[in-house]
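Novice: What follows is a single structure, and I will ask about it in a moment.
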Amino acid sequence: MKVFDIDTARDLITVIKPIVEDINLKKEELYSCLARLEEEKDELERLYLKSHVEDLDMEIRRLFQKIEALGGVIKGIDPILVDFLSFHQNRYIWLCWKEDEDTLMYWHELDEGFAGRKPIELLYNEG
């Protein structure tokens, strides 16, 4: 697993953001197809929709794997949460990013989740 400093993780966010936007577009299309599938009576159209749903699901998984290959750890998919392992003052921590945030602004201990997020500035103010 890769270990990131804050600046490197922030740089990576600029690479990950377009991937996340692509995931969200494909998720919207997936949800739309699933809704149409529920109401569709024509068997041929149902087969097409099922195939399209499978393709979209596979593409979404591939995009998440792309984020993980870059070193991000997927912690949530709706909303998309990505953590980056970091080392600070002789301990490992998670740098935490949520899809609607402009940059990396939060962190939390390894045993804490999203609810335990704290502003990155607090890392600089530790004794």
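Novice: Is it true that some residue in region 9-20 is of a type in the set (Ser, Thr, Tyr) and over 30 Å from Phe87 (Cα atoms)?
Specialist: So far as region 9-20 goes, no, none of its residues is of a type in the set (Ser, Thr, Tyr) and over 30 Å from Phe87 (Cα atoms).
Novice: Does region 74-103 hold any residues that are at pLDDT 95 or above and hydrophobic (A, V, I, L, M, F, W, C), and which are they?
Specialist: Ile74, Ile80, Leu81, Val82, Phe84, Leu85, Phe87, Ile93, Trp94, Leu95, Cys96, Trp97
Novice: Tally time: how many residues in region 102-121 are surrounded by fewer than 14 Cβ atoms within 10 Å (Cβ to Cβ) and not small (Gly, Ala, Ser)?
Specialist: 7
Novice: Assuming Asn24 fulfils every condition listed in (1) touching a helix residue (DSSP H, G or I) at 6+ places or on another chain (Cβ under 9 Å); (2) closer than 18 Å to Leu63 by Cα apart from one, which condition is it?
Specialist: It is condition (1) that Asn24 fails.
Novice: Further question on the same structure: Pick from region 84-98 the residues that are without any contact (Cβ under 8 Å) to a residue 24 or more places away in the chain and within 13 Å of the chain's Cα centre (by Cα): which of them is farthest from Lys2 (Cα to Cα)?
Specialist: So the residue we want is Lys98.
Novice: I've got another one for you. Only one of Leu81, Leu37 is at negative phi, open to solvent by less than 60 Å² (accessible area, probe 1.4 Å) and either part of a helix (DSSP H, G or I) or acidic (Asp, Glu) (or both). Can you tell me which?
Specialist: The conditions single out Leu37.
Novice: Name the residues in region 64-76 that are exposed (fewer than 15 other Cβ atoms within 10 Å of the Cβ) and either assigned to a helix (DSSP H, G or I) or of a type in the set (A, V, I, L, M) (or both), would you?
Specialist: Scanning region 64-76 gives Gln65, Glu68, Ala69, Leu70, Ile74.
Novice: Identify, from the list Val53, Val73, the residue that is closer than 30 Å to Ser32 by Cα and more than 16 Å from the chain's Cα centre (by Cα).
Specialist: After ruling out the rest, the residue left standing is Val53.
Novice: Scan region 1-32 residue by residue and report those that are in contact (Cβ under 8 Å) with a residue 24 or more places away in the chain, of a type in the set (Val, Ile, Thr) and in a helix (DSSP H, G or I).
Specialist: Selection gives Ile6, Ile13, Val15, Ile16, Ile19, Val20, Ile23.
Novice: Which condition number in (1) surrounded by 14 or more Cβ atoms within 10 Å (Cβ to Cβ); (2) not in a helix (DSSP H, G or I) is the one that Leu49 fails?
Specialist: It fails just one condition, (2).
Novice: Any chance region 99-121 includes a residue that's farther than 29 Å from Lys2 by Cβ and outside any helix (DSSP H, G or I)?
Specialist: No, region 99-121 contains no residue that is farther than 29 Å from Lys2 by Cβ and outside any helix (DSSP H, G or I).
Novice: Would you pick out the residues in region 38-77 that are of a type in the set (A, V, I, L, M), touching a residue at least 24 places away in the same chain (Cβ under 8 Å) and farther than 18 Å from Lys26 by Cα?
Specialist: Correct list: Leu70, Val73.
The values are calculated or read from the model by the stated rules, or taken from the named source; none is laboratory data. These numbers were taken from a predicted model, which means no experiment stands behind them. All Cβ positions, glycine included, derive from the backbone under ideal geometry; neighbour counts span all protein chains shown. Each accessible area value is taken on the protein alone, full model and side chains, heavy atoms only, with ligands, DNA and RNA left out. Shrake-Rupley method; radii C 1.70, N 1.55, O 1.52, S 1.80 Å.
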